[in-house]
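As structure tokens, the structure follows; a few thoughts come after it.
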Amino acid sequence: METLEAIKKRTSLKEHLSTRDVEREKIVKILEATSLAPSAMNKQPWRFIVVQGKKNVEDVVTKAFWETNQVVKKAPVLILVFVNIKENTFPDGKTFCLTDAGLAVENLLLAATDLGLVTHPMTAVSGDELKKILSIPDEMDFVIATPLAYPAEGSYEKAAQERLSQRTRKELKEMVYMNAWGKPF
Ligand SMILES: Cc1cc2nc3c(=O)[nH]c(=O)nc-3n(C[C@H](O)[C@H](O)[C@H](O)COP(=O)(O)O)c2cc1C
């Protein structure tokens, strides 16, 4: 799949998760792509926890995920993303680590899409609960979670078809200006 194709096809598919396990090689491939994201001063402040196995996933989702996200209990794998915001904030208050983590997460989502796997970024999750359950150091901040799964429908295209057909985005003219704020592009 070409990069632009993966960008176009990526969509959030928490309702379309197969329980089939995801091979470790694929998870490694995705995490390696994730780690190639740019970061301010190449600090790579992101940290990931891979939760795998029916019982482990069910336990984490039941205890830490909001009701609206309970459906991801079915997933064979969860990837949880953390950064240490305090450690990565300059004395003047500037911090880039959440930007770094966002770039890494997009790599993750695109790499998974490229491999025909479904994802769904989510923050309606209790970081404090995750810390308790998974022995995460207190100074770490929860950023986002995603399930990682094969598509329930057997192919990525089938799983994504309906959601992609309903996708809405602002038009470029609503968010892009030319040469100065407010000037049409
Ligand atoms: C930072 C962030 C937090 C999100 N949190 C949730 C969430 O808790 N639950 C959920 O169902 N979707 C969540 N989403 C998914 C968005 O709703 C979704 O990306 C958006 O509607 C665009 O749809 P698409 O990803 O299919 O293009 C989150 C997405 C982002 C980027």
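Nothing in this text is a laboratory measurement; each read-out follows from the coordinates by a stated rule. Since the structure is predicted, the reported quantities are computational estimates derived from the model, not experimental observations. When we count neighbours, we look across all protein chains shown, and the Cβ atoms used for this are built from the backbone with ideal geometry, even at glycine.
Determine the alpha carbon to alpha carbon distance for each of Lys8/Lys54; Lys26/Lys73; Lys26/Lys131; Lys63/Lys131; Lys73/Lys132; Lys29/Lys170 and list only those over 22 Å. Write down the numbers at each step before the final one.
Numbers: Lys8/Lys54 30 Å; Lys26/Lys73 20 Å; Lys26/Lys131 26 Å; Lys63/Lys131 11 Å; Lys73/Lys132 18 Å; Lys29/Lys170 32 Å.
Among Lys8/Lys54; Lys26/Lys73; Lys26/Lys131; Lys63/Lys131; Lys73/Lys132; Lys29/Lys170, the Cα-Cα distance tops 22 Å for Lys8/Lys54; Lys26/Lys131; Lys29/Lys170.
Can you tally the net charge around Ser126? Count Lys and Arg as +1, Asp and Glu as -1, for every other residue whose Cβ sits under 11 Å from the Cβ of Ser126. Could the numbers behind the result be given before it?
On the way: positive: Lys63, Lys131, Lys132; negative: Asp128, Glu129.
Net charge around Ser126: +1.
Mind checking which of Ala149, Ala40, Ala111 has the largest fluctuation in a GNM of the chain, springs on alpha carbons under 10 Å?
Most flexible of the set in this elastic network: Ala40.
Quick check on the chain: what does the Kirkwood estimate of hydrodynamic radius come out to from the alpha carbon pairs, in Å?
It works out to 17.6 Å.
Under a 10 Å cutoff between Cα atoms, tell me which one of Asn88, Asn107, Asn42 has the largest fluctuation in the Gaussian network model of the chain.
Maximum fluctuation in the GNM of the chain, among the listed residues, is at Asn42.
Does anything in the range 126-150 have its amide N under 16 Å from the 7 Å Cα→Cβ label point of Asp59, and if so which residues?
Under 16 Å, as judged by backbone N against the label point of Asp59, lie 129-136 of the range 126-150.
Show me the trypsin sites (Lys or Arg not before Pro) within the range 56-160 that DSSP assigns to loop and that have at most 11 other Cβ atoms within 10 Å of their Cβ. Mind dumping the intermediate values first?
Values: sites: Lys63, Lys73, Lys74, Lys86, Lys94, Lys131, Lys132, Lys158; in loops: Lys86, Lys94.
Those that pass, being in a loop and sparsely packed, are Lys86, Lys94.
Which value in deg cm²/dmol, rounded to the nearest 500, describes the helix-derived mean residue ellipticity at 222 nm for the chain, given -39,500 (n - 2.57) per DSSP H run of n ≥ 4 and division by the residue count?
-11000 deg cm²/dmol
May I ask for the distance between the Cα centers of the range 1-48 and the range 132-185, given as a whole number of Å?
A separation of 12 Å, based on Cα centres.
Quick one: if you stick a label point 7 Å off each Cα along the C-beta vector at Arg24 and Gln70, how many nm between them?
3.4
Between Ala152 and Leu31, what length in nm is gained on full extension when 0.36 nm per residue of separation is reduced by their alpha carbon distance?
Length difference between fully extended and current span is 41.3 nm.
Once Lys and Arg get +1 and Asp and Glu get -1 on their Cβ, which of Thr99, Asn84, Pro45 lies farthest toward the positive end of the dipole of the chain?
The residue sitting farthest along the positive end of the dipole is Thr99.
How much length would be gained if the chain were fully extended between Lys86 and Thr168, taking 0.36 nm per residue of separation minus their Cα-Cα distance, in nm to one decimal?
Contour length minus Cα-Cα distance gives 26.0 nm.
Name the most mobile residue of Pro45, Pro151, Pro137, meaning the one with the largest mean-square fluctuation, in a Gaussian network model of the chain with Cα contacts below 10 Å.
Pro137
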